[in-house]
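Each remark here refers to the structure printed beneath this line.
Quick note: the coordinates plus some simple rules give every number you see, no bench work behind them. Predicted model only: the values in this text are computed from it and were never measured. When we count neighbours, we look across all protein chains shown, and the Cβ atoms used for this are built from the backbone with ideal geometry, even at glycine.
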Amino acid sequence: MIALLVLGIVGFTNPDVIYEYASSAWNSSNETTIHTIQEKLNCCGFNTTTDRPALPCPENATEPCQAAMVDFLTDNLKILAGVGFTIVALMLFAIIFAIIVACKGV
């Protein structure tokens, strides 16, 4: 539970983590996944349009995918952080409730 909380705080407060995650995701993805990312975000390649693209690139895709991926992740980070912190709060509530029930049962 503490690890989840720490990871959430680090990811939320350190934007470099997002760049590293986008780069790692791109490098570990197969050709089909990269092509899907390019189609959904209307981009081509990673750092540049010629950097590891899944060909054919979408029509009118003039921007590399790194900026589009970082923007997408940043926009959705607040939602993911909210869900993560809610899960941690529920876990903490469950632990407190279990302690109360255990103490009353003795």
Could you grab the relative contact order for the chain? Cα pairs under 8 Å, six or more apart, rounded to a whole percent. 26
Spin-label proximity, E20 to the range 65-103 - amide N less than 16 Å from point 7 Å beyond Cα toward beta carbon: none
Taking θ = phi - 60°, what integer Hz values does the Karplus form 6.51 cos²θ - 1.76 cosθ + 1.60 yield along the range 85-91, in sequence order, with x for Gly and Pro? 5, 5, 4, 4, 5, 5, 5
How large is the dipole of the chain about the Cα centre if only Lys and Arg carry +1 and Asp and Glu carry -1, each at its Cβ, rounded to the nearest 20 debye? 640
Any chance you could give the angle, 0 to 90 degrees and rounded to 10, that helix 2-13 forms with the longest Cα principal axis of the chain? 40
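With runs of 4+ DSSP H residues as the only contributors, calculate the mean residue ellipticity of the chain at 222 nm using -39,500 (n - 2.57) per run, divided by the residue total and rounded to the nearest 500. Walk me through the numbers on the way to the answer.
Values: 4 runs with 78 residues, N = 106.
Value at 222 nm, helices only: -25000 deg cm²/dmol.
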Positive-end residue, the chain charge dipole about Cα centroid, Cβ charges, pick of A68, F85, T48: F85
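How long are the semi-axes of the ellipsoid equivalent to the chain, from square roots of 5 times the Cα gyration tensor eigenvalues, in whole Å, largest first?
Values: eigenvalues 339, 31, 23 Å².
After scaling each eigenvalue by five and taking roots: 41, 12, 11 Å.
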Tell me, what ³J(HN,Hα) does each residue in the range 21-35 have, in order and in whole Hz, if you take phi through Karplus 6.51 cos²θ - 1.76 cosθ + 1.60 with θ = phi - 60° and put x for Gly and Pro? 5, 4, 5, 5, 5, 5, 5, 8, 7, 7, 4, 5, 5, 4, 4
Cysteines without a disulfide-compatible neighbour (Cβ-Cβ under 4.7 Å), the chain: C103
